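What follows is one structure encoded as structure tokens, with my remarks underneath.
Every number in this text was worked out from the coordinates using simple rules, so none of it is lab data. Note that this is a predicted model, so its numbers are computed, not measured. Every residue, glycine among them, receives a Cβ derived from its backbone with ideal geometry; neighbour counts consider all protein chains shown.
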Amino acid sequence: MVVSVVVTNRCNYSCGYCDRWDGRGEQMAPEELAAYLDEMAAMGTRRVIFTGGEPLVRKDLLERLDQAVALGMKVQLNTNGVLVPRFLERLGALASMMVSIDGDLPTHDRVRGPGAYDAAAEAIRVMRRAHPHVRVRISATMSSESLGAEDALLDLARELGVTVFFQPAEHRQLGGEGSNALAPPTARYRDAIDHLLLEKRRGAPIQNSASALAYLRGWPDAPALPCAGAKLFCRLDHDARVMICGRMGEYEESHSARDGGFRRAFLSLHEAKCPTCWCASRVEVNQAFALRPDALLGLATAAT
Ligand code: SF4
Ligand code: SF4
């Protein structure tokens, strides 16, 4: 099983399509998160993804990283990159790192703030140099601001020796209820996905499987997928709610780990009945769950 752990709802950025940066909602205390990690490991969890917010603003993050590794779990860090050089030495314990970059320098800095692009690229450079065993990838959010910057990102990925994982921006704000003014216009978004499919066939460093990209092309109207959530993955939110993916909006079901622990909350989840699925990483798992060979291969590679 893979568990995404939203370790904080605070961030040192305030991107235009996100409101998961202002610290609202009660964050899990260090001993509380430590206890949930113990439970996850006892349940056979193979991989945890520390995400946020910006995980590295959480004071006990490195302790929790060491704890998860000692428990036998592989850890991925999702980060905007800016604090990576400060904590570089301890980040060698990671199995993988996903650094957010949305496009070329003007595009990325317009969405995330001045200097954000250089900080993210530098984070990848220093990680690759210091810890070549850690698999580093770029995570690119496809928003109305970034459409058209795909080739610049692929060039950067080639230069840095990493791959890019593309994710459409939601119609709601990431982590919030407000509508997302930066959601990509559907026709332009589909043109961009067609371009990525072509580039993928040409061997470009694109992490998404072709079958998942083809599925995501249908967003926001793609048909329902069989969901492996509540079986193979789930999310522990910053306030200790356990849910399948946190992307379901009105279809969301959650149970608090504070009522009897993580295991109990996880086992209370029911099969998802979403009309569509748009979270690119979950689409990969669900495509593999549907026995798509390229998605299966991609997951097997990601797990190493
Ligand atoms: S998108 Fe990421 S970097 Fe930007 S505010 Fe949200 S959590 Fe922070
Ligand atoms: S959005 Fe996708 S991954 Fe999330 S619960 Fe729905 S079907 Fe499952």
> Restricting to segment 2-303, what percent of DSSP beta bridges are antiparallel, rounded to 5?
Replying inline: 20
> When a footprinting reagent is the concern and you count Cβ atoms within 10 Å, what order do VAL126, VAL164 take, fewest first?
Replying inline: VAL126, VAL164
> Which distance in nm do the two modelled labels at ASP259 and ALA42 give, with both placed 7 Å along the Cα-to-Cβ direction?
Replying inline: 2.1
>> Amide H of PHE233 versus every other amide H placed in the peptide plane: which residues, excluding those fewer than 5 positions away on the same chain, fall under 5 Å?
In response: VAL2
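Using 0.36 nm times the number of residues separating LYS59 and ARG202, minus their current alpha carbon distance, what extension gain do you get?
Values: separation 143, 0.36 × 143 = 51.48 nm, distance 4.32 nm.
Extra length from LYS59 to ARG202 when fully extended: 47.2 nm.
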> When the Karplus curve 6.51 cos²θ - 1.76 cosθ + 1.60 is applied with θ = phi - 60°, which whole-Hz ³J(HN,Hα) does each residue of segment 65-75 get, with x for Gly and Pro?
Replying inline: 4, 4, 4, 4, 5, 4, 7, x, 9, 7, 10
>> Given points 7 Å out from each Cα along the Cα-Cβ axis, report the ASP118 to ALA29 separation in nanometres with one decimal.
In response: 4.2
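What FRET efficiency comes out for LEU297 versus ARG110 if R0 is 35 angstrom and r is the Cβ-Cβ distance? Round to the nearest 0.05.
0.50
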> What's the extension gain from HIS133 to ARG188 if we count 0.36 nm per residue and subtract their Cα-Cα distance?
Replying inline: 16.1 nm
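At 0.36 nm per residue, minus the direct Cα-Cα distance, what do PHE87 and ASP22 gain on full extension? Give it in nm, one decimal, please.
Working: separation 65, 0.36 × 65 = 23.40 nm, distance 2.25 nm.
Between PHE87 and ASP22, full extension yields 21.1 nm more.
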> What list of ³J(HN,Hα) values in whole Hz, one per residue of segment 81-87 in order, does the Karplus curve 6.51 cos²θ - 1.76 cosθ + 1.60 (θ = phi - 60°) give from phi, with Gly and Pro shown as x?
Replying inline: x, 5, 9, 4, x, 5, 10
>> How much of the DSSP bridge set in segment 8-119 is antiparallel, in percent, rounded to the nearest 5?
In response: 10
>> For the chain, what does the helix formula give at 222 nm: sum of -39500 (n - 2.57) over DSSP H segments with n ≥ 4, over the residue count, nearest 500 deg cm²/dmol?
In response: -10500 deg cm²/dmol
> Quick one: if you take sqrt(5λ) for each eigenvalue of the C-alpha gyration tensor of the chain, what semi-axes come out, biggest first, whole angstrom?
Replying inline: 27, 23, 19
